[in-house]
Every structure is written in structure tokens, then in C-alpha cells.
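Q: Got a structure for you, written out below as C-alpha cells; questions coming shortly.
The values are calculated or read from the model by the stated rules, or taken from the named source; none is laboratory data. What you are looking at is a predicted structure, and each value in this text was computed from that prediction instead of being measured. Positions of Cβ are generated from backbone atoms using ideal geometry, with glycine treated the same way; all protein chains shown enter the neighbour counts. With ligands, DNA and RNA removed, areas are computed over all heavy atoms of the protein, side chains included. Shrake-Rupley method; radii C 1.70, N 1.55, O 1.52, S 1.80 Å.
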Amino acid sequence: MGYSDKVRSMYQEQLKGIHDAGIFKQERFIHSSQAADIEVEYPTGSSLKKVINMCANNYLGLSSHPEVVKAAHEGLDSRGYGMSSVRFICGTQDIHNELEKKVTEFLGTEDTILFPSCMDANAGVFEAILTDEDVMISDRLVHASIIDGIRLCGAMHDTFKHSNMDHLEKKLILHADKRLKVVITDGVFSMDGDTAKLDEMVALCDKYDAMLFVDDSHSTGFIGKTGRGTHEHCGVFGKIDIITTTFGKALGGASGGCVSGRKELVEMCRQKARPYLFSNTIAPVVVSGVLKVLDILSQSTERRDKLEANTEYWRKGLTEAGFVLQPGDTPIVPVMLFNAKLSQDFSKDLYDEGIYAIGFFFPVVPNGKARIRTQISAGHEIHHLDKALAAFIKVGKKYDILGKSKQEIIEMYGL
Ligand SMILES: *Cc1c(COP(=O)(O)O)cnc(C)c1O
């Protein structure tokens, strides 16, 4: 019978359930390249609207940078469009090797292996280096791709409360008998924009003989004095055993990821990680673009410095206007609204004012913690931030939340 009417209606029911729960994801079509100013078709079929993008992972403003685009063109001309192979058959060019070396140097590790994405890096790494004699101890708020990697690995899994070092220590003591222990965390957590306590984690891992794994996807390129990542920021550069990161965010934003760290662990990935062995090579055009990005970032800290200044300006403006922010100092700046519907209405009104910023609510963030997550970019100029700030204030006045505390907003709108 195959895809019968009964099967079809079962799926239609499920999709309706997603709709009715108000969590149906509707894509908005951007008709321009990724930048601070974009042209958006939303709702679908409407005429294009020019808006300021406040929710891209384009932290360094490199997604459409002329030098990166030029380097990508040159890569396309000199190395072709696709490789039609995985790395170990006939999918490795000199530039893949060159990029692995450059990433190693940038991150201060021993070796690096490229993956089609950071999702793939996280999916492959644990299974490649651990067995059922080992344990993985992860922060409770790690990224979904890490959770999938943990599921694919036969080692035992345990968790510790978010950024709670006492709890982590208890878990390290509890699992003292395991052959290998790996502590797993994000460097910067994407929903709240808070930073892992890597200095304390390194000390605990030393004390209890554990390896430390850090996914630095929301840090590489801009966190730390020279943008190397959370390990630089926390004063533990060179001390992380395994770093995974993406080229799909600050580093040009195209695609690709990597595992970088101790050379034996990287070699184990080369021999055994399934997304590496069974998924296609990163396209030469992308490799060429990322090589240029790393050149730009190694020559000057200008872009991460501008991002830092923009972030300070944005946080200060919102705070002075009387918004409740999630505290922190990364370019992820969540404006807390608590109520799910308010976050959707707020986002829609911002859009009408020419500001593109998406409202997040359960299950993307915990119940009662709905928010507009803004993300600052070095591609923003002060006039972008001023215009966005004016729009936030106008909409904030409409809902009468300026100067109101968390408790007052919850009393007005409920959870
Ligand atoms: C975005 C992200 C990923 C996925 O990166 P891709 O290269 O797009 O697959 C993995 N981990 C974290 C923490 C991320 O934020």
C-alpha cells in the first residue's frame, strides 16, 4: 500500500499538532546576501522589505566580505567545484591539508581534521575515541549535535548541572573507576550567551585525570584577546584536549567544521569517525574562503575589537532603555520577555519597524524564559544599532515593559 491515505493523514495530524502548539517553523526568504542589511520576503509572496539583521551568526561580518568572496572565486577557478569523493579515497587536495594546519595554529592545538560540518564533527568524535569502558560527563545545556554524538557512542553517559563545578567534581569522583573520562561542554552557550568556566574545568580535569572537550562554535574567531576562542579568554590556551568548531558561523559562515586537539585523538578520527569516512569532502571553494578568513583574522584583531565595542554599545543602550537582559559579555544578547506569545508579537512589531530578530520560546529555551535573542556583528555600524535600539524602545513602550522587572513583566503577561 506504500504511502496510503491513512499514512498521509497520520502525518497531517502530527503537523497540525505542531501548528496548533504554535511551534511550526516558517522560513523567511532572504533575497540578498547575508549582511547587516538584508532584503526579506515575509510573509511568503509579499514584496521585499529591507531590514537590519540582528539574529545571524555572522559575528565578524565576513559572510559576504569582498576578500573572502574573491578568495572563494579563485579557489573555484584553480581547484574546481566539487571533489566527488570522501577524503580518504580521492577527496583530499593540498588546500584541505593547508587548512588543517592553519586551524591547528589558530586554535593552538596539535592537529586538526576537517568535517563536512560541526554537527558531523560532534557526531563522529566520541565514537571514534571511546569505548564502553569509558564515561562522557556533559554539561546539561550542551548543543543538540553533541547530544547526538553522545547517543552514537557506546561509552557511559552522565551529566552535571549547567556550569556547576561542585557538581562536576562529584561526578568526576563518582566515575573514578572508568578507563577514560571526558568532560564535555560548549565554550559559549548559544541561548544565554554565557561562557563556560574553562579555567576551573581544566583544573578539575587535571586533578581527576579527565580529558576536556569544548565545542567552541559560538566563540572561534572573536572570543579572547586575539579571537582564538573561549580557551584564550579563560587563560587555558593550549590546554584543551579536544576542540570542535564550525566554519558556518563567524568564520565566513559557509559550511564545514573540525575536530582539533591532541594528535592521537585527531588520528583516531581520521581512521574511525564515520561522518569523515562516509560523507563528502568540504568543497574547495569553501576551503579557499576559510583560508582567507584565517589570514584576515591572523593579521589583525580589528574585527573582533569592533564586535566587542558594538556589543558593549548595544548592551548599554538596551540596559539604559530599561530592558531585562541575560547578563554576559558575548555578542549573544538575549532580551528577556518570559512569555512565549509576547516574544512572537514583539518580534513581529520589530519586523514592521525594519528590524529582523526572532523570538525564541519553549522548547528552544526553557518554559517561561521566552526572549528575543539578538546577535551583534562587526558588520553592524553604529547607525544600524541606533536604528535597532529606537525600534526596540518603540515596541517596548507599546507593551509597557521598559523599566519593568522580571517579576512585573511576568505579572503583566504571565508565563
Ligand atoms: C551551530 C553549532 C553547531 C553546528 O555547526 P554546523 O557546522 O552548522 O553543523 C555545533 N555546535 C554548536 C555549539 C553550535 O552552535
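Q: Considering the stretch 112-127 alone, what residues qualify as being polar (S, T, N, Q) and touching a Gly at 6+ places or on another chain (Cβ under 6 Å)?
A: Ser117, Asn122
Q: I would also like to ask the following. Residue under question is Lys207, and the condition is that it be open to solvent by 20 Å² or more (accessible area, probe 1.4 Å) and away from the ligand (no atom under 16 Å from the Cβ); does it hold?
A: yes
Q: If Ser347 meets every condition in (1) within 26 Å of Leu212 (Cβ to Cβ); (2) small (Gly, Ala, Ser); (3) without any contact (Cβ under 8 Å) to a residue 60 or more places away in the chain apart from one, which number is that one?
A: (1)
Q: Kindly check whether there is at least one residue in the stretch 366-385 that is within 28 Å of Ser47 (Cα to Cα), touching a Pro at 6+ places or on another chain (Cβ under 9 Å) and part of a loop (DSSP other than H, G, I, E, B).
A: Yes, the stretch 366-385 contains at least one residue that is within 28 Å of Ser47 (Cα to Cα), touching a Pro at 6+ places or on another chain (Cβ under 9 Å) and part of a loop (DSSP other than H, G, I, E, B).
Q: Give the residues of the stretch 88-115 that are within 15 Å of Val287 (Cα to Cα) and crowded, with 21+ Cβ neighbours inside 10 Å, sorted by residue number.
A: Start the filter on the stretch 88-115 by keeping residues that are within 15 Å of Val287 (Cα to Cα), which leaves 91-104, 112-115.
Within the stretch 88-115, Leu99, Val103, Thr112, Ile113, Leu114, Phe115 qualify.
Q: OK, next. So, in the stretch 117-137, how many residues would count as being surrounded by 23 or more Cβ atoms within 10 Å (Cβ to Cβ), within 16 Å of the ligand (Cβ to nearest atom) and not acidic (Asp, Glu)?
A: Going through the stretch 117-137 one residue at a time, the tally reaches 8.
Q: Of all residues in the stretch 292-309, which are more than 20 Å from Gly187 (Cβ to Cβ) and either surrounded by fewer than 16 Cβ atoms within 10 Å (Cβ to Cβ) or touching a Leu at 6+ places or on another chain (Cβ under 8 Å) (or both)?
A: Matches in the stretch 292-309: Asp295, Ile296, Gln299, Ser300, Glu302, Ala309.
Q: Condition first: assigned to a strand (DSSP E or B) and within 15 Å of the ligand (Cβ to nearest atom). Now tell me which residues in the stretch 170-188 satisfy that.
A: Across the stretch 170-188, the qualifying residues are Ile184, Thr185, Asp186, Val188.
Q: Evaluate the stretch 346-363: report whether one residue or more is in a helix (DSSP H, G or I) and surrounded by 23 or more Cβ atoms within 10 Å (Cβ to Cβ).
A: Within the stretch 346-363, one or more residues are in a helix (DSSP H, G or I) and surrounded by 23 or more Cβ atoms within 10 Å (Cβ to Cβ).
One line per residue, one yes/no per condition, for (1) modelled with pLDDT of 95 or more; (2) open to solvent by less than 80 Å² (accessible area, probe 1.4 Å); (3) within 27 Å of the chain's Cα centre (by Cα):
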{"position": "Lys6", "(1), (2), (3)": "yes, no, no"}
{"position": "Met10", "(1), (2), (3)": "yes, no, no"}
{"position": "Asp20", "(1), (2), (3)": "no, no, no"}
{"position": "Ile38", "(1), (2), (3)": "yes, yes, yes"}
{"position": "Asp77", "(1), (2), (3)": "yes, no, no"}
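Q: Any idea how many residues of the stretch 79-113 are of a type in the set (A, V, I, L, M) and either modelled with pLDDT under 95 or closer than 23 Å to Ser219 by Cβ (or both)?
A: 4
Q: Need pairs with beta-carbon distance below 8 Å; first residue free of Cβ contacts under 8 Å to residues at least 24 places away in the same chain and within the stretch 48-74, second away from the ligand (no atom under 16 Å from the Cβ) and in a loop (DSSP other than H, G, I, E, B); sequence gap 6+ or separate chains.
A: Leu48/His31
Q: Please state which of the following conditions Leu212 fails to meet, knowing it meets all the rest: (1) away from the ligand (no atom under 16 Å from the Cβ); (2) free of Cβ contacts under 8 Å to residues at least 40 places away in the same chain; (3) not acidic (Asp, Glu).
A: Checking Leu212 against (1) away from the ligand (no atom under 16 Å from the Cβ); (2) free of Cβ contacts under 8 Å to residues at least 40 places away in the same chain; (3) not acidic (Asp, Glu), the one that fails is (1).
Q: Across the stretch 102-143, which residue is farthest from Cys269 (Cα to Cα) among those that are part of a strand (DSSP E or B) and polar (S, T, N, Q)?
A: It comes out as Ser138.
Q: Restricting to the stretch 149-169, and then to whatever is open to solvent by 50 Å² or more (accessible area, probe 1.4 Å) and either within 16 Å of the ligand (Cβ to nearest atom) or in contact with a strand residue (DSSP E or B) (Cβ under 7 Å, 6 or more places away or on another chain) (or both), can you tell me which residue is nearest to Asp216 (Cα to Cα)?
A: Among those that are open to solvent by 50 Å² or more (accessible area, probe 1.4 Å) and either within 16 Å of the ligand (Cβ to nearest atom) or in contact with a strand residue (DSSP E or B) (Cβ under 7 Å, 6 or more places away or on another chain) (or both), it is His162.
Q: Would you mind telling me which numbered condition in (1) within 16 Å of the ligand (Cβ to nearest atom); (2) among the hydroxyl-bearing types (Ser, Thr, Tyr); (3) within 13 Å of Ile282 (Cβ to Cβ) Ser85 fails?
A: Result: Ser85 passes all but (1).
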